[in-house]
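**Student:** What follows is a structure written as structure tokens; I'll ask about it next.
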Amino acid sequence: MTKSALITGITGQDGSYLTEVLLEKGYTVHGLVQRSANYQYENIEHLLPDIHVITGDLADFSSLVRAVKQSAPDEIYNLAAQSFVKASWDIPELTGDITGVGVCRMLEAMHLEAPEARFYQASSSEMFGKVLETPQNENTPFYPRSPYGVSKAYGHYATVNYRESFNLYACSGILFNHESPRRGREFVTRKIAIGVSRIKKGLDTQLKMGNIDAKRDWGFAGDYVVAMWKMLQQETPEDFVVGTGETHSVKEFLELAFGHVGLNWQDYVVEDSEFMRPTEVDLLLSDPSKAKEKLDWTPKVSFPDLVAMMVDSEMKA
Ligand code: NAP
Ligand code: G4F
């Protein structure tokens, strides 16, 4: 029988790649889309004929109940969030409401209307924050460093608690940074890829950056959505860390990205305090051995290939 999936955040980077994977597997895909004056369909334009769009919002419980009723899902992927860390200091309350409490609303909607469904929560390595051990695994304690990280920790524990309280099939993927040509333009990898292509084409002369010593464990989003799906195919619900097990600095990303088009990053990059954060996450590095062992999941795209993919995409755009 055809399976039904409900994806919140379907217009985002991960939502679009996950939709492609689920359609390929024969799922009926329903996507929750928030109302806006200019709908953000850029990432899913090509998928619109094959999916069912439902208007709703993580801030509006009644819309979530309706979405679950309407889609009768076997699987729910809660990917919607205010996902930009830097903005979470500007809109901390909204971030808490959507990225934190929104998870609770979605879990409760499932609890009421589809308790047999399986639930995936998009947890984040940002919860590790000022890391208490390296590398980070499923047992590493959290020390969030931003309103976003705090909100994700709330959503994470809400998921664990609904699983334990009501015996729901609910699990969290603690995903490390993952990128692609569909990444939001304000995130550092896409910002660099766009900056490099504009400089190469003579449209800009410099690229203003924040803390380029920060280190992240960067993978390709297309690989990571497969891990989300695999988590919901297990016999029992569990949480998994998903990452590459490699860490690189923003500086290394700059070096490779500029180098890819024959330029030297030091000739163009300038520091700008506007892009610094009140508190920083200095280093993230995953230990994805549980995902490898239990989900048989490993990332396919390497760091240099990811950088090249993103720069090439902007050069073509
Ligand atoms: P993204 O591109 O920013 O997508 C976020 C999605 O959430 C968009 O579809 C957005 O809709 C939607 N949304 C925002 N507020 C909403 C609301 N109030 N109600 C309903 N929908 C709302 O994020 P992503 O990179 O795909 O990440 C997916 C999820 O994984 C997020 O929860 C993120 O926090 C988490 N995560 C991401 C990473 C990463 O490295 N990418 C790592 C760990 C965890 P609009 O298009 O209308 O704005
Ligand atoms: O690309 P970023 O904005 O991503 P960040 O803060 O790591 O968050 C992303 O990954 C999380 C998983 O760990 C997700 F949960 C979250 O939703 C999001 O997808 O910044 C990466 C690093 C930071 O240390 C930042 O300070 O790059 C540094 N950086 C330096 N200059 C910059 C810039 N970041 C941005 N966005 N813009 C800059 O100019």
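**Student:** Could you figure out which of (1) open to solvent by 30 Å² or more (accessible area, probe 1.4 Å); (2) within 16 Å of ligand 2 (Cβ to nearest atom); (3) farther than 29 Å from Y41 by Cβ isn't true of R183?
**Tutor:** Of everything listed in (1) open to solvent by 30 Å² or more (accessible area, probe 1.4 Å); (2) within 16 Å of ligand 2 (Cβ to nearest atom); (3) farther than 29 Å from Y41 by Cβ, R183 misses just condition (3).
**Student:** While we're looking at this one, here's another question. Mind counting the residues in region 186-205 that are within 12 Å of ligand 2 (Cβ to nearest atom) and out of contact with any helix residue (DSSP H, G or I) (no Cβ under 7 Å at 6 or more places or on another chain)?
**Tutor:** 4
**Student:** Do you know which residues across region 21-45 are within 14 Å of ligand 1 (Cβ to nearest atom) and either part of a loop (DSSP other than H, G, I, E, B) or open to solvent by 40 Å² or more (accessible area, probe 1.4 Å) (or both)?
**Tutor:** Q34, R35, S36, A37, N38, Y39, Q40, Y41, E42, N43, I44, E45
The values are calculated or read from the model by the stated rules, or taken from the named source; none is laboratory data. Keep in mind that what you see is a predicted model, and the values were worked out from it rather than measured. In this analysis, Cβ positions are derived from the backbone assuming ideal geometry, glycine residues included, and neighbour counts consider all displayed protein chains. Ligands, DNA and RNA are excluded from the accessible area calculation, which covers all protein heavy atoms including side chains. Shrake-Rupley method; radii C 1.70, N 1.55, O 1.52, S 1.80 Å.
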